[in-house]
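The block underneath contains the structure these notes are about, expressed in C-alpha cells.
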Amino acid sequence: MPATIHIMPPELANKIAAGEVVQRPASAVKELIENALDAGARRITVHVKDAGRAFIQVSDDGSGMSAEDAALSIHRHATSKVLRPEDLERIGTFGFRGEALASISAVSQLELRTRTALDDVATVVRVDGDTVREVTKAAAGVGTTVIVKNLFYNTPARRNFLKTRQTELKNIADVVTRAALAHPTIAWLLVSDDETFLDLRPGTSQERVSAILGERVGQSLMPVEERTDYLSIEGFLARPEFARRSRTEQYLTLNRRPIQNKMIAHAIFQGYEHLLINGGFPLFVLDLTIDPARVDVNVHPSKLEVKFEQEGTIYRMVLSVIRKTLAANDLVPRVEFRDGNAVNGEDRFHLVPDIPPAPVFAFRKDPGPTNVVDGGSILPLSMPASRHAPAETVEHRQGAARSIDADARAIWQIQNKYIVSQVRSGLVIVDQHVAHERILYERVLANFENSLPAIQQLLFPQTLELTATDYALVRELEEHLRLLGFDIKLFGKNTVVIEGIPADVKVGNEKKILLDVLEEYKANEHAEVMDARDRLAKSFACKAAIKAGDPLTSNEMTVLIEQLFLTKMPYVCPHGRPVVIRIPIEELDRRFGRT
C-alpha cells in the first residue's frame with residue numbers, strides 16, 4: 001500500500017504559512033512598519049497603489065542591514081531578535097518571528113533595498129515568489145525600503161477574497177494610524193495613489209492625537225497617567241460627548257504595540273459606567289506598560305492579541321484608573337445656541353464639551369437639618385461618600401456645592417422641573433428628577449455593598465397580593481429587596497406582607513413603590529451587562545425619586561444640589577441622561593450683543 005502521508009514541498013508550506021501572517025495588504029504594511037520601528041527609524045513612509053494590491057512601499061531611515069543580513073532576512077525564521085528559548089519569555093521588539101519578509105515574498109514580487117551607516121552602497125535583493133532573482137548593489141541612503149508588487153499574484157483564490165478597494169485602503173490607514181498614535185515622536189507619511197492621507201510631524205502625544213482625530217477632540221481630552229511597579233497606564237480619554245457608534249476609534253497599545261483586548265476594552269467601558277448618554281463606545285488612546293515577562297504576545301500570528309499573566313489584576317487596575325480620571329474631571333456639558341437655525345421661531349441648541357472650573361453654587365450658608373420631602377422621597381444630608389471617587393474629588397465637589405455668600409445669588413425652580421442657579425462661568429440647570437435618581441442610585445449601591453439597609457418599620461404592616469410572576473420575582477430578589485430597605489414576609493397564594501420600607505419612601509406609598517420597582521426591574525431585564533443589584537438600584541431610584549412637576553422650597557433645592565455633588569458621578573443619571581448643563585456667560589453675552 002503506497003504511503004499517504006508526505007512532507008509538503010517548501011514552496012507549498014511557505015504559501016500556507018504566509019497566509020497566517022499576510023491576510024491582506026494591511027497585514028504586509030503592519031509587518032514592514034514593525035521592522036522599521038525595530039530598526040530605530042525616525043521617519044516612516046508608506047506608499048500604496050490600488051489599496052496595496054498592486055504596490056506597497058515602506059521606507060525608513062533606520063539602521064539598515066548589511067549585505068549578509070539582507071540575504072538572510074528573506075528566509076523563513078530568520079530573525080535578529082530571538083536567539084534562545086528564554087527570549088520568548090521577554091519579547092521587547094515588535095517584529096520577532098522572522099516570518100515577515102519570507103511570508104510577504106512568498107506571495108508577491110518583493111524588492112529589498114537596505115544600507116547601514118558603515119556601507120557605501122545599499123544591497124538590493126529581488127525575490128519573485130520563493131525564488132531569489134537578483135542580489136545587486138545600488139545607491140541609497142541609510143535605512144531600508146521594501147517594495148511589494150502584485151500581492152497574491154500567485155495565490156489567486158486569496159486575492160479574490162480581498163474586500164473592496166475602499167475597505168482595504170481603510171484597513172491600511174488604520175494600521176498606520178494606530179502605529180502613529182503609539183509612536184508620536186516619529187514622523188509618518190501615508191500616500192495612496194499620489195494622494196496624501198497622513199503627513200505627521202514628530203510631536204507630543206496630545207499633538208499627535210489632535211493631528212489625527214481633530215482639534216475638537218484634542219481639546220476635550222482628559223489625560224490619564226498612573227504608574228505602579230506592576231503596570232503603568234498613560235494616554236487620553238475623550239469626553240462622553242465624543243462617544244462613537246462603533247469601537248473603531250479605540251486605540252489601545254501594550255508597550256507601544258497596538259493590540260486588541262476585550263477584557264481591557266470592557267474595563268474601560270465599565271469605567272465610563274452611565275456616562276454614555278446615547279449608548280455607544282468611548283473614544284480613548286491608551287498605552288499600557290508592563291514587564292514583557294508578564295505578558296505573552298506570541299499567541300496569535302498577527303500579534304494583535306495578547307495573554308496577561310494576571311488578567312483579573314489588570315482589569316481592576318484599568319477600571320480604577322478610568323473611574324479616577326473621569327471623577328477628577330468636570331463633565332458638565334455646555335449649551336451653545338446655533339445661529340441661523342431657528343425653526344418655528346425657536347432656536348436650536350446643542351451640547352458641546354467644556355472643561356471649565358467645577359460649578360460653585362451660591363447657596364445659603366446653613367440650610368439647616370431640613371430634608372427634601374416630596375411625594376415620600378426623603379433626602380437625608382448624611383449621604384455617604386462615593387465608593388470610587390478619591391477623597392480629594394469628594395472634597396472638591398463638596399466645595400463646589402458649598403455656600404459662598406448668604407444672599408449673593410439666588411436659586412430658582414422652573415416649571416417645577418428644573419433648578420437654575422448662577423455659577424462663576426454662567427448659569428447651570430439641573431434636572432431635579434434625574435439628580436435625585438443619581439443620589440438614590442448610589443445610596444442603594446452603598447447599602448448593597450455595606451449590607452446596612454436604612455429601614456423604617458411600619459406601624460401597620462401592609463398586605464399585598466401579587467401575580468404569580470411578581471411573587472416569584474419577589475422570592476428571587478428577597479435578599480436584595482431587604483438590603484434595599486424593604487422588610488417583606490412571604491406568605492402563600494402570592495401574598496406578601498410589607499413590614500418595613502426604605503427610608504426614602506413615604507409611609508402610605510409603599511405598595512405603589514414596590515410594584516413600580518418590580519415593573520421597572522422587569523423592563524430592564526434585557527439590559528446589557530447589568531447584574532440584579534444594579535437593575536434593582538436603578539429601578540428603585542427611578543420610581544422613588546422626586547418627579548418633574550413636584551414643587552421644591554429653596555432649602556430643598558439646596559440640599560438636593562449639595563447631595564448631588566457628593567455622588568461619584570453627578571453629571572448623568574443611572575440611565576445615562578444628563579443631570580446638569582451649563583450656559584456659559586460668553587454665550588449670554590453673545591446672545592445679547594455684548595461681544
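The values are calculated or read from the model by the stated rules, or taken from the named source; none is laboratory data. Here the structure is a predicted model, which is why all the values come from computation and not from measurement. When we count neighbours, we look across all protein chains shown, and the Cβ atoms used for this are built from the backbone with ideal geometry, even at glycine.
Side notes on the structure shown:
- Filter result for Gly214 (in contact with an Asp or Glu (Cβ under 8 Å, 6 or more places away or on another chain) and assigned by TED's automatic domain parsing to the domain that holds Val318): no
- In summary, Ala182 fulfils each of the numbered conditions (1) modelled with pLDDT under 95; (2) under 24 Å from Ser63 (Cβ atoms); (3) not acidic (Asp, Glu) with the single exception of condition (1).
- The lone criterion from (1) over 28 Å from Asp296 (Cα atoms); (2) among the charged types (D, E, K, R); (3) surrounded by fewer than 19 Cβ atoms within 10 Å (Cβ to Cβ) left unmet by Arg227 is number (1).
- Checked against (1) aromatic (Phe, Trp, Tyr); (2) at pLDDT 90 or above; (3) buried (at least 21 other Cβ atoms within 10 Å of the Cβ), Tyr571 meets all criteria but (2).
- Count of the stretch 534-551 residues which are surrounded by fewer than 24 Cβ atoms within 10 Å (Cβ to Cβ) and part of a loop (DSSP other than H, G, I, E, B): 5
- Tabulated pairs, the stretch 210-236, first among the polar types (S, T, N, Q), second surrounded by 17 or more Cβ atoms within 10 Å (Cβ to Cβ), C-beta under 7 angstrom, 6+ apart or interchain: Ser210/Gly218; Ser220/Ala238; Ser220/Arg239; Ser220/Phe242; Ser220/Pro353
- Filter result for Val125 (over 16 Å from Gly62 (Cα atoms) and crowded, with 21+ Cβ neighbours inside 10 Å): yes
- Test for Val124: is it farther than 29 Å from Arg257 by Cβ, touching a residue at least 60 places away in the same chain (Cβ under 8 Å) and part of a strand (DSSP E or B): no
- Boolean, Phe269 is of a type in the set (Phe, Trp, Tyr), more than 15 Å from Leu181 (Cα to Cα) and either in a helix (DSSP H, G or I) or at pLDDT 90 or above (or both): yes
- If you go through the stretch 552-595 and pick out every residue that is closer than 15 Å to Glu437 by Cβ and in a helix (DSSP H, G or I), you end up with 4.
- Just one of the listed residues (Glu525, Glu499) is outside the structural domain of His266 (by TED's automatic domain parsing) and modelled with pLDDT under 90, namely Glu525.
- Count of the stretch 192-204 residues which are surrounded by fewer than 19 Cβ atoms within 10 Å (Cβ to Cβ) and of a type in the set (Gly, Ala, Ser): 1
- Selection of the stretch 24-83 for residues being at pLDDT below 95, of a type in the set (Lys, Arg) and closer than 27 Å to Leu118 by Cα yields Arg76, Lys81.
- Residue match in the stretch 91-98 (condition: buried (at least 22 other Cβ atoms within 10 Å of the Cβ), at pLDDT below 85 and in a loop (DSSP other than H, G, I, E, B)): yes
- Some residue of the stretch 139-160 being of a type in the set (Phe, Trp, Tyr), within 34 Å of the chain's Cα centre (by Cα) and under 21 Å from Val48 (Cβ atoms): no
- The set of residues in the stretch 471-516 being part of a loop (DSSP other than H, G, I, E, B), in contact with a Gly (Cβ under 9 Å, 6 or more places away or on another chain) and on the phi < 0 side of the Ramachandran plot consists of Phe486, Ala503, Asp504, Val505, Lys506, Val507, Asn509.
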